[in-house]
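The values are calculated or read from the model by the stated rules, or taken from the named source; none is laboratory data. Note that the coordinates shown come from a computational prediction; the quantities given were computed from them, not determined experimentally. Note that we place each Cβ from the backbone using ideal geometry, even for glycine, and neighbour counts take in every protein chain shown.
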Amino acid sequence: MKLVASLKDDQYPFTGVDHVREIVRCILLDENDNVCLEYLLDDDGFGPRDYYETPGGGIKSGEDHIPALEREIEEEVGYHIEVLQELGEVKDYYNLIKRRNHNYYYLARRTKKCPQRLEPDEKVRINKIIWVPIDEAIRLYENMQNVLVGRLVKQRELPILKLAKIALQNMSK
C-alpha cells in the first residue's frame, strides 16, 4: 500500500516506542456518497477528546486487512461493507502510550445493516455516528481541535479524506 504520510507526535513527550499497532480504517460511504464519521467526546489519559475519527481499529494476530476492516465496521458502525479501493498508509506515533501506528486506509461502501457491537470503552468514547458529504467531512476536520490527540488524528486523517474526495470524483466520471 502506498505510504501517504509518516508523522511525528509533537503533542506528548517522546519516551520511546515499546509496541506497534497495525490498524485498518476506512472512508465509509452510504448510498449517497456521504461519509461516516464517529464523533468522539471523552476525557481520559490523552486529555479532552472532542473530535471526529473514521471508523476502524486494530488488526488481530493472523488477520488479513480486509476481514479485519469488515469486522471493525460491523462492530463500530453496524454495517457490512464492500471495499472499493485502497487509499494509502499513514504511519504515526502516540508517544503517551509508547506506540507506533501503521494505519491502512480503504474506501468502502456500506451494504447491509447488521448488529453494532461496540466495546465498553467505545460505548463511552463514541458520542454519535454521523453521515455527511465529503466536503463537510473535510471542513469538520479542518475546524476540529488542533491540540493533543485531536491534533494527531486530524493530521493523520485529513490527507486521507482529501484522497477519498479525489477517488470519488474519479469514480463519478
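Looking only at segment 58-75, decide whether some residue is in a strand (DSSP E or B), surrounded by 20 or more Cβ atoms within 10 Å (Cβ to Cβ) and either among the basic types (Lys, Arg) or at pLDDT 95 or above (or both).
no
Identify, by number, the condition in (1) in contact with a helix residue (DSSP H, G or I) (Cβ under 8 Å, 6 or more places away or on another chain); (2) at pLDDT 95 or above that Arg49 doesn't meet.
Condition not satisfied by Arg49: (2).
Given the options Arg99, Arg117, Arg139, name the one that is over 27 Å from Asp18 (Cα atoms), of a type in the set (Lys, Arg) and touching a residue at least 40 places away in the same chain (Cβ under 8 Å).
Of Arg99, Arg117, Arg139, the one residue that is over 27 Å from Asp18 (Cα atoms), of a type in the set (Lys, Arg) and touching a residue at least 40 places away in the same chain (Cβ under 8 Å) is Arg117.
Answer with yes or no whether Val124 is over 22 Å from Tyr79 (Cβ atoms), of a type outside the set (Gly, Ala, Ser) and either crowded, with 16+ Cβ neighbours inside 10 Å or in contact (Cβ under 8 Å) with a residue 12 or more places away in the chain (or both).
In short, no.
Out of Glu82, Glu89, Glu157, report the one residue that is modelled with pLDDT of 95 or more and assigned to a helix (DSSP H, G or I).
Values: Glu82 fails: assigned to a helix (DSSP H, G or I); Glu89 fails: assigned to a helix (DSSP H, G or I).
Selected residue: Glu157, the only one of Glu82, Glu89, Glu157 that is modelled with pLDDT of 95 or more and assigned to a helix (DSSP H, G or I).
Looking at Leu3, is it over 17 Å from Glu122 (Cα atoms), hydrophobic (A, V, I, L, M, F, W, C), modelled with pLDDT of 95 or more and touching a Cys at 6+ places or on another chain (Cβ under 8 Å)?
Details: over 17 Å from Glu122 (Cα atoms): yes; hydrophobic (A, V, I, L, M, F, W, C): yes; modelled with pLDDT of 95 or more: yes; touching a Cys at 6+ places or on another chain (Cβ under 8 Å): no.
Answer is no for this residue.
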